[in-house]
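What follows is calculated from the coordinates using simple rules that are stated; it is not laboratory data. Computed from a predicted model, the values in this text were never measured in an experiment. Cβ coordinates were reconstructed from backbone atoms using ideal geometry, including for glycine residues, and neighbour counts include every protein chain displayed.
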Amino acid sequence: MKLRHAIVIGAGIGGMCAARVLSDRFERVTLIERDELAAAPMHRKGVPQSRHPHGLLDRGRRELNLLFPGLDDNLRARGGLDFDAGLDLATLQPDGWARRRRTRHLMLFASRLLIEAVIRDRVKAIPNVRFVEATEVAQLTFAAGDSPRVTGVDTRQVADNAPGHLDADLIVDCSGRGSRATRWLEQAGFAAVETEIVDADAGYSTCWYQAPPAEARPASWWWKGVFLNPAARPERPEDYYFALTLPIEGDRFLLTLASWGGRELPADHESFAALCAKLRSPIVAEALAIAKPTSAIYHRRGMQNVWKHFERGAHPAGFVCLADAVCAFNPIYAQGMTSAAVCAEILGIVSAEHDPADPAFPGHFYRRQAEFVRQPWALSIARDRQALENGVGDARPEGEISGQMWERIMREGAGVPAIAEAIFDVINLNRPPESLMQDKAFLAAATEILQRPPRPIPAASDIPPYPPDQIAN
Ligand SMILES: Cc1cc2nc3c(=O)[nH]c(=O)nc-3n(C[C@H](O)[C@H](O)[C@H](O)COP(=O)(O)OP(=O)(O)OC[C@H]3O[C@@H](n4cnc5c(N)ncnc54)[C@H](O)[C@@H]3O)c2cc1C
């Protein structure tokens, strides 16, 4: 039997995926969004991150296609691009260029704007989902009496502050990194939710470009994207920066300069171009010289890893939090949308197994969500802590994966198929990192690397400026 009404707070990726799974279980789903949602892909206040690249991991692409069959085709039809990261991305690892190789996996690249708009069109077509736009959820309401239960939300229209109220059997908070759910719960007398923060003080500066026509590009431009990592042994301040160009719809690309440890990031076109000119390879600056910038330089900080451990406490019935509202990652690892889609799928599974109105439901859901979330969390914090060790800051490694071990296996094993394939799967969240410890082929290759003395790190002058175009497989 279907329950009557579910409310989802926030129509980002997590909220829309949650609405999709709840539409199977509830007669009606109301998706409440603070912003007005234009039909065309447009930046909006509630999702400032849309100005920055949004890589969709292999797992995320597959999960979203399970939730919305044919989504890949919808994205391609509007300009989304297939992308084999091993083949199409010119990757300068800390100690040299990665060899080009075909992987078994295709990613799909598009702007966050387009990904969100295409998913929104699919959710809007679900008959029992209703969008309530330009309306903010201001507070939760609770049942009077002894049994703690969230019964609804108080709302406020953005245009004129007009108050409103909606009741529901289940309320799902998907209001993102800035969620106020823990505050709402505390104000109602519930214990504070234990919160873990790992802050590598990372930042992004991003600019959008119209790509030049193919015939205007130099011969070295075989790539669809470029990923320059910080140097293994930085010799100049610029060696600490990432540069990432990713193609998006409309023959455009985004270029992001990023760094950890609070390093200064360019905020205008001149300083942006100046940093690009000093990166570890000239290909980025050469591309910029013939591409047309179409945006300002967008600058972003506040990208710490934050995990609110709802699974550790007791919570009122009728309310759960999902996606960034529970666990937000340093976005450099591109895990957020994938994690949101998987968490929504878990919500669908748990709500099929347990009555969502039951007081035990939040506990079941939070435990299952945490089992998954610990996988991207472990990857993200291990690499952030390791980056801080190499650069600035005084974070101490204590995650499940040793950052140094990862670094060596990835650096020295990048050309070894058993390692490259396994690591690709872990990074794409197709398998948990601990599964590597049962993978005989991976273990044999990794052990060989770890048992020999570390391979010397080449001097910057020994690394060729341009990526190889030969394909290894
Ligand atoms: C700079 C940056 C780059 C990123 N790059 C990537 C990437 O490459 N790949 C990737 O997978 N992920 C990336 N992410 C993460 C990704 O954006 C999120 O993880 C993903 O969108 C899932 O978030 P969400 O749905 O939980 O929240 P969001 O997408 O942030 O959506 C939250 C929604 O809630 C609404 N809202 C907030 N409060 C209220 C309220 N009180 N009432 C009503 N509505 C409300 C907001 O307006 C918004 O629409 C990046 C994030 C940042 C910051």
- Task: As a check on your grasp of the helix formula, calculate [θ] at 222 nm for the chain: sum -39500 (n - 2.57) over DSSP H runs of n ≥ 4, divide by the residue count, round to the nearest 500.
- Result: -9500 deg cm²/dmol
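I'm checking a number: the convex hull volume of the Cα atoms of the chain, normalised per residue, in Å³. What is it?
Numbers: hull volume 71.3 nm³, N = 473.
Looking at the chain, the number lands at 151 Å³ per residue.
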- Surrounding net charge for Gly318, when Lys and Arg each add one and Asp and Glu each subtract one, Cβ distance under 13 Å: -3
- Query: aspartates and glutamates within cross-link reach of Lys278: Cα-Cα under 19 Å, excluding same-chain residues under 8 positions apart?
  - Reply: Asp95, Glu235, Glu238, Asp239, Glu264, Asp268, Glu270, Glu286, Asp462
- Query: Quick one: longest stretch of the chain between exposed loop chymotrypsin sites (Phe, Trp or Tyr not before Pro), exposed meaning at most 16 other C-beta atoms within 10 Å and loop per DSSP?
  - Reply: 223-473
- Item | Label point distance in nm, Arg217-Gln139, each placed 7 Å from Cα along Cα→Cβ | 5.6 nm
- Euclidean distance of C-alpha centroids, segment 1-66 and segment 224-299, integer Å: 30 Å
- Item | Neighbour cut-off at most 12 other Cβ (10 Å), DSSP loop, trypsin sites (Lys or Arg not before Pro), segment 24-77 | Lys45
- Message: Nearest 10 degrees is fine. How inclined is helix 403-413 to the longest principal axis of the chain, computing both from alpha carbons?
- Response: 50 degrees
- Task: Can you tell me the 0 to 90 degree angle between the C-alpha axis of helix 58-67 and the longest principal axis of the chain, rounded to 10?
- Result: 30 degrees
- Given labels modelled 7 Å from the Cα in the Cβ direction, how far is it in nm from Ala191 to Arg4? 3.3 nm
- Query: Got a sec to turn the phi values of segment 461-473 into Karplus ³J(HN,Hα) couplings, 6.51 cos²θ - 1.76 cosθ + 1.60 with θ = phi - 60°, whole Hz, x for Gly and Pro?
  - Reply: 5, 8, 9, x, x, 10, x, x, 9, 5, 9, 7, 9
- List the aspartates and glutamates whose alpha-carbon lies under 19 Å from that of Lys45, not counting same-chain residues fewer than 8 positions away? Glu33, Asp35, Glu36, Glu116, Glu133, Glu136, Asp160, Asp173, Asp324
- Task: Please list, or write none, the aspartates and glutamates whose alpha carbon is within less than 12 Å of the alpha carbon of Lys292, excluding same-chain residues fewer than 8 places away.
- Result: Asp251
- Listed by chain and number, the residues whose amide H is under 5 Å from that of Val8, excluding neighbours fewer than 5 places away on the same chain and using placed H, are Thr30, Leu31, Ile32, Val172
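Taking K and R as +1 and D and E as -1, what net charge do the other residues with C-beta under 13 Å from the C-beta of Glu27 add up to?
+3
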- Dipole magnitude (debye, nearest 20) for segment 1-68, charges at Cβ of Lys, Arg, Asp, Glu: 80 debye
- Task: In whole Hz, with x marking every Gly and Pro, tabulate ³J(HN,Hα) for segment 341-346 from phi via Karplus 6.51 cos²θ - 1.76 cosθ + 1.60, θ = phi - 60°.
- Result: 5, 5, 4, 5, 5, 4
- Item | On Cα atoms only, tilt of 417-427 relative to the major axis of the chain in degrees | 30 degrees
- Note on the structure: Ordered by number, the trypsin sites (Lys or Arg not before Pro) in segment 85-179 that occupy a DSSP loop and have at most 13 other Cβ atoms within 10 Å are Arg102, Arg104
- Given +1 on the Cβ of Lys and Arg, -1 on the Cβ of Asp and Glu, and no further charges, what dipole in debye does the chain carry about its Cα centre, rounded to the nearest 20? 580 debye
- At R0 = 35 Å, FRET efficiency that the Cβ-Cβ distance of Ala39 and Ala360 yields, to 0.05: 0.30
- Item | Calculated from backbone phi, Karplus (6.51, -1.76, 1.60) coupling profile of segment 11-28 in Hz, x at Gly/Pro | 9, x, 5, x, x, 5, 5, 5, 4, 4, 6, 6, 5, 7, 10, 10, 5, 9
